[in-house]
Amino acid sequence: GAVVSQHPSRVICKSGTSVKIECRSLDFQATTMFWYRQFPKKSLMLMATSNEGSKATYEQGVEKDKFLINHASLTLSTLTVTSAHPEDSSFYICSAHSPLTDEQYFGPGTRLTVT
Amino acid sequence: AQRVTQPEKLLSVFKGAPVELKCNYSYSGSPELFWYVQYSRQRLQLLLRHISRESIKGFTADLNKGETSFHLKKPFAQEEDSAMYYCALTTGGYQKVTFGTGTKLQVIP
């Protein structure tokens, strides 16, 4: 089946620094990728929709200058958390939509801790 | 705006008992409904979607537009069904997927 990877799986960074998270579709091309944030014991919150070759569409309340998304190719999207703060600590999950199967495949998630 | 409600955070049933995980939604148009499952230490994965009308791992879900519900059912729970279950809604074309808060199913041996 289709596989989506995320790197890194865990990252700890200092407050004020930036951190980049990669999301790759390993065996299919994804024109659309999604970034979610999951708070403890809560649901997944869609942050933005990333379309290859165009600007990402951010959900209301998500700061686009803070959470930079780049969808450079059909198999790679990156999320950069800029000037991270402790409140940005969370579990970030990406997913990729396969136009062939019309399904959304999820990555394993990245645990970000900002100290 | 669309919304998905899963009223139960935790559902505990004995092995062999029937299971029903509740999901209600609100959306003015014609949504597409899904159930996703997350087993312990694994990633989220699609369980079933209403348009395919399939039965996966013995689970079924029927979209009831009158009651705006998409409850997940299984007649006989198995221990391996223990997991976190999320109901989700999309307005078509995967332009936006809204997830419910999830229900943890615990099957007691």
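No value in this document is a laboratory result; all are computed from the given coordinates. What you are looking at is a predicted structure, and each value in this text was computed from that prediction instead of being measured. Because the Cβ atoms are built from the backbone with ideal geometry, glycine has one as well, and the counts that use them run over all protein chains shown.
Taking the Cβ of A:P99 as the centre, find all other residues whose Cβ is under 15 Å away and add up their charges (Lys, Arg: +1; Asp, Glu: -1).
-4
Over the whole of B:34-43, what's the average partner chain Cβ count within 10 Å per residue? Rounded to a whole number, please.
Average neighbour count from other chains, rounded to a whole number: 2.
Taking the mean number of other Cβ atoms within 10 Å as a proxy for protection, how do you rank A:85-91, B:56-62, A:43-49, A:12-18 from highest to lowest?
Output ranking for A:85-91, B:56-62, A:43-49, A:12-18: A:43-49, B:56-62, A:85-91, A:12-18.
For A:105-115, what's the mean count of beta carbons from other chains sitting within 10 Å of each residue's beta carbon?
Working: counts 4, 7, 2, 4, 2, 0, 0, 0, 0, 0, 0.
Whole-number average of other-chain Cβ neighbours for A:105-115 is 2.
Calculate one ³J(HN,Hα) per residue across region B:74-84 by plugging θ = phi - 60° into the Karplus curve 6.51 cos²θ - 1.76 cosθ + 1.60, and present them in order as whole Hz with x for glycine and proline.
Here the 3J(HN,Hα) series is 8, x, 9, 6, 10, 4, 6, 7, 4, 4, 9 Hz.
Does region A:25-72 come out rounded, prolate or oblate, given a ≥ b ≥ c as the square roots of the eigenvalues of its C-alpha gyration tensor, rounded meaning a/c under 1.5 and, failing that, prolate meaning a/b above b/c?
oblate
B:K15: net charge of surrounding residues, Cβ under 13 Å, Lys/Arg +1, Asp/Glu -1, itself excluded?
-2
Looking only at other chains, what is the average number of their beta-carbon atoms within 10 angstrom of each beta-carbon in B:84-91?
On the way: counts 0, 0, 2, 1, 3, 0, 1, 0.
Average neighbour count from other chains, rounded to a whole number: 1.
Pull up all non-local amide H partners of A:M47: gap of 5 or more, or a different chain, and H-to-H distance under 5 Å with H placed in the peptide plane.
Amide H neighbours of A:M47: A:W35, A:Y36, A:R37.
Among A:C94, A:A72, A:S43, which residue has its Cα positioned farthest towards the positive end of the charge dipole of region A:36-96, with +1 placed on the Cβ of Lys and Arg, -1 on the Cβ of Asp and Glu, and the dipole taken about the Cα centre?
A:S43
How much length is gained if the chain between A:V3 and A:E59 is pulled fully straight, taking 0.36 nm per residue apart and subtracting their Cα-Cα distance, in nm to one decimal? Don't skip to the end; give the middle numbers.
Working: separation 56, 0.36 × 56 = 20.16 nm, distance 2.53 nm.
Additional length available on full extension: 17.6 nm.
Near the amide H of B:L47, under 5 Å away, which other amide H atoms are found, from residues 5 or more places off or on another chain, if H is placed in the peptide plane?
Those qualifying (amide H under 5 Å, at least 5 residues apart or on another chain) are B:W35, B:Y36, B:V37.
Treating the beta-carbon of each Lys and Arg as +1 and of each Asp and Glu as -1, no other charges, what is the dipole magnitude of chain A about its Cα centre, to the nearest 20 debye?
Working: 11 positive and 10 negative charges, 86 e Å.
Around 420 debye, computed over chain A.
How large is ³J(HN,Hα), in whole Hz, for each residue of region A:47-58 in order, when computed from phi with the Karplus curve 6.51 cos²θ - 1.76 cosθ + 1.60 and θ = phi - 60°, using x for Gly and Pro?
Running phi through 6.51 cos²θ - 1.76 cosθ + 1.60 with θ = phi - 60° gives 9, 6, 10, 10, 10, 4, x, 9, 6, 6, 9, 9 Hz.
Taking H placed 1.01 Å from N in the peptide plane, check which residues at least 5 places from B:G102 or on another chain put their amide H under 5 Å from its amide H.
B:Q6, B:C87
Regarding region B:1-73, what whole-number volume in Å³ per residue does the convex hull of its Cα atoms give? Walk me through the numbers before you get to the answer.
Details: hull volume 8.3 nm³, N = 73.
Once divided by residue count, the hull of region B:1-73 is 114 Å³.
In chain A, which cysteines lack any other cysteine Cβ under 4.7 Å from their own?
Unpaired cysteines in chain A: A:C13.
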